[in-house]
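This report refers to the structure that appears directly beneath it.
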Amino acid sequence: GGRGSIIGSVLGAMIVGNVVRDNGYTGIQLDGADGVVRDNRVSSNDRGIVANWSGYEISLREIRENSVFDNRSLGIQVVDADVTVAENVVYGHASGSYSIGIQASDAAVLGNIVFANSTGIQINGFSNRAEANRVYANRTGIAVNAATDLTGNIVYSNSLGIDVQPGFGGYQGRI
């Protein structure tokens with residue numbers, strides 16, 4: 001098994017309503033693509049959904065309403081993306097110490113349900129928001145080491161609820 005779907009430098013990419021599973025590395029990967037990943041079931045890959053928009057001028061970026069579960073290392077990974085990750089159900093990424101439900105850099109992580117991962121949500125980078133997420137039954141609920149506003153999240157039944165580590169120049173944001 002190799003990679004599932006890889007979309008690069010495309011305007012208006014729509015990945016909607018698919019079952020993506022059993023790929024050796026990544027289920028869905030967008031590199032520089034402008035688009036939406038919505039209503040997919042992504043499981044049993046090494047990484048579920050990966051979006052890397054670094055260095056691109058893109059207007060529509062959204063990962064919404066997906067079920068992402070039982071991938072070996074990462075459920076959803078967003079790198080330098082200025083993207084919205086919203087209303088996803090992400091669970092079962094707990095096979096190792098680096099198994100993360102949602103890992104985001106420069107993103108808005110809104111209204112997701114995240115459980116049964118080593119780390120539920122990990123926030124890196126700058127200009128982040130994590131709001132109205134329900135995060136439970138993880139080793140670490142939310143880990144933050146960047147400028148992030150954490151508001152209205154429901155975080156419970158984790159070994160460690162919210163872990164705030166100083167990033168470059170200390171922590172800036174609201175909790």
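Filtering the range 86-104 to residues that are open to solvent by 10 Å² or more (accessible area, probe 1.4 Å) and closer than 15 Å to N145 by Cβ leaves Y98, Q103. Within the range 25-45, restricting attention to residues that are touching an Asp or Glu at 6+ places or on another chain (Cβ under 6 Å) and not in a strand (DSSP E or B), which residue is least open to solvent (accessible area, probe 1.4 Å)? Going through the qualifying residues, I end up with S44.
Go through the range 105-147 and give me each residue that's free of Cβ contacts under 8 Å to residues at least 24 places away in the same chain and open to solvent by 20 Å² or more (accessible area, probe 1.4 Å). Passing the criteria: Q122, F126, R129, E131, A132, R134, Y136, A137, T140.
The values are calculated or read from the model by the stated rules, or taken from the named source; none is laboratory data. Quick caveat, the model's predicted, so the values are computed rather than measured. Ideal geometry is used to build each Cβ from the backbone, glycine not excepted, and the neighbour counts take in all protein chains shown. Side chains included, ligands, DNA and RNA excluded: accessible areas come from the protein's heavy atoms. Shrake-Rupley method; radii C 1.70, N 1.55, O 1.52, S 1.80 Å.
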